[in-house]
Amino acid sequence: MIIWINGAFGSGKTTLVAELRNRFPTALVFDPETVGDMLGSIVASPSGDFQDIPLWRTEVAAIAAGLVNQYRRPLLVPMTLLEREYVAEIFGLLEKAAVHVHHFFIDVPAEVLAARIDGRTEHDDPEAEAASRAWCKQQIQPCIRKARELPATVVRLDGEKPTDVLADEIVERVGPLFFPEAT
């Protein structure tokens, strides 16, 4: 079983996955961005977005399914995934591999996202930090717009709630069967 935590940059995906991981130490964490970084060191995406590399999508699905099927543990995936076709492709491949996905999207207002992006530090180099913040902020409106097109099965979470409350909501939805430590 996979719990896919989706949301715009700055929505709190990584923080929420860390909270879930703290509660359930047997869960595995898989960040598909690592696959993008690896592929980006080998081939370039014409658009500059590794999600546009078809191999990224098939490998993310294959690795996620492999982790679940090989280790029989819940998999936590923090990843912004908003292109309808890519969601359908990756989740369709996971379904073919008999892996159930719980897909959550953290909804956060644009002004809160901008403030969170400004409040975090991801790079030691000031120029790299400024470029990263600018890029993330440029993604806010497209992310909000594309999020409206996600499948109706996506569970939307109020990203202004505290992380522990969001984790409680997820556990309530997926149930203790997926987290044996919760019973």
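Restricting attention to the range 80-102, the residues that are acidic (Asp, Glu) and part of a loop (DSSP other than H, G, I, E, B) total 1.
The number of residues in the range 120-177 that are open to solvent by 80 Å² or more (accessible area, probe 1.4 Å), among the polar types (S, T, N, Q) and either under 22 Å from PRO74 (Cα atoms) or without any contact (Cβ under 8 Å) to a residue 24 or more places away in the chain (or both) comes to 3.
Go through the range 19-39 and count every residue that is open to solvent by 20 Å² or more (accessible area, probe 1.4 Å) and touching a residue at least 12 places away in the same chain (Cβ under 8 Å).
Going through the range 19-39 one residue at a time, the tally reaches 10.
The values are calculated or read from the model by the stated rules, or taken from the named source; none is laboratory data. Remember, predicted model here, so these are calculated numbers, not experimental data. We place every Cβ from the backbone using ideal geometry, glycine too, and count neighbours over all the protein chains shown. These accessible areas exclude ligands, DNA and RNA; they are computed on the full protein's heavy atoms, side chains included. Shrake-Rupley method; radii C 1.70, N 1.55, O 1.52, S 1.80 Å.
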